[in-house]
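Have a look at the structure below, then the notes.
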Amino acid sequence: MIVESSRLLLVEDDLTLGKMVDDFLTGHGFRVRWESNGLRALGLIDSETFDLLILDIGLPGMDGIQICRSVRDRFAGPIIMLTARGDEIDEVVCLEVGADDYIAKPVRPRALLARLKVHLRRGDSQDLPTESSKLEIDGLIIDSTSRTVRQKTESGDENILSVTTAEFDLLLFLMQRAGEVVGRNEIYEQIQGIAYDGVDRSIDLRVSRLRKKLGDDPGSPKRIKSVRGVGYIFAVES
């Protein structure tokens, strides 16, 4: 897939913003379908093929959170949410329902374009084989070929964990660097494809979600530990 010819669904009821984003992305070669109603957008997702979704939260018919929650299990591509600036509740909820990323309004077209390219290129790389596709650390198994995460139980069984694309990429990166402290700047450049701006909390929120899914006590985590003022470390049992 050529990133710049990808087919996107933009769901935004603000006519000025919708037209601006539509014109800008179309001008950069993307094939954009713009819809202003949430319920109609849900029908389009089920009946047509899109590489990526851009969903505003506040929509008539069905809001962006509801759409994301409804389609996440059957839509494999990236989902980017448009949120109110600085609204931490919106940001948390977006990631809770499976969004891969969020962008605060007012939307900066070039910043949005950069995020789109990162997520679409990441999707392309999912199909590329690697020399060592499986990595196991202390009973946690991540497979970069099948894009699955499994966790061994005390009985020896393996549970498959449901993680989003963005959560998978973050966990894989941290596990590949297990035992090392990885700074936020490096994480952002690797995962988001952009430099850390000192404000965005998407990585922190994804870590919080991963801890819950891994059964890692957020008050005293044993797998993904925070290093104050620096970043994170995927701990390895000695």
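Numbers at a glance
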{"read-out": "Residue count for the range 188-238, restricted to those that are surrounded by 13 or more Cβ atoms within 10 Å (Cβ to Cβ), without any contact (Cβ under 8 Å) to a residue 40 or more places away in the chain, part of a loop (DSSP other than H, G, I, E, B) and of a type in the set (Lys, Arg)", "value": "1"}
{"read-out": "Pairs, first more than 20 Å from VAL3 (Cβ to Cβ) in the range 19-48, second loosely packed, with under 13 Cβ neighbours inside 10 Å, C-beta under 7 Å, six or more apart", "value": "ASN37/PRO60; GLY38/PRO60"}
{"read-out": "For VAL92: the one exception among (1) modelled with pLDDT of 85 or more; (2) more than 25 Å from GLY43 (Cα to Cα); (3) in a helix (DSSP H, G or I)", "value": "(1)"}
{"read-out": "Selection status of PRO106, closer than 16 Å to TRP34 by Cβ, loosely packed, with under 15 Cβ neighbours inside 10 Å and not assigned by TED's automatic domain parsing to the domain that holds ARG206", "value": "no"}
{"read-out": "Extreme residue, nearest to LEU161 (Cα to Cα), among residues of the range 49-81 that are part of a strand (DSSP E or B) and of a type in the set (Val, Ile, Thr)", "value": "ILE79"}
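Conditions (1) over 26 Å from PHE168 (Cβ atoms); (2) surrounded by fewer than 20 Cβ atoms within 10 Å (Cβ to Cβ); (3) at pLDDT below 95; (4) not assigned by TED's automatic domain parsing to the domain that holds LEU116, marked per residue:
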| residue | (1), (2), (3), (4) |
| --- | --- |
| LEU10 | no, no, no, no |
| THR26 | yes, yes, no, no |
| PHE30 | no, no, no, no |
| ALA41 | no, no, no, no |
| ASP46 | no, yes, yes, no |
| GLN66 | no, yes, no, no |
| ASP73 | no, yes, yes, no |
| LEU82 | no, no, yes, no |
| GLY86 | yes, yes, yes, no |
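One line per residue, one yes/no per condition, for (1) modelled with pLDDT of 90 or more; (2) among the charged types (D, E, K, R); (3) in the same structural domain as ASP100 (by TED's automatic domain parsing):
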position	(1), (2), (3)
ASP138	yes, yes, no
SER144	no, no, no
ARG150	yes, yes, no
GLU158	yes, yes, no
THR165	no, no, no
ALA178	yes, no, no
VAL181	yes, no, no
ILE191	no, no, no
PRO221	yes, no, no
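The values are calculated or read from the model by the stated rules, or taken from the named source; none is laboratory data. Please read these numbers as outputs of a predicted model, since none were measured by experiment. All Cβ positions, glycine included, derive from the backbone under ideal geometry; neighbour counts span all protein chains shown.
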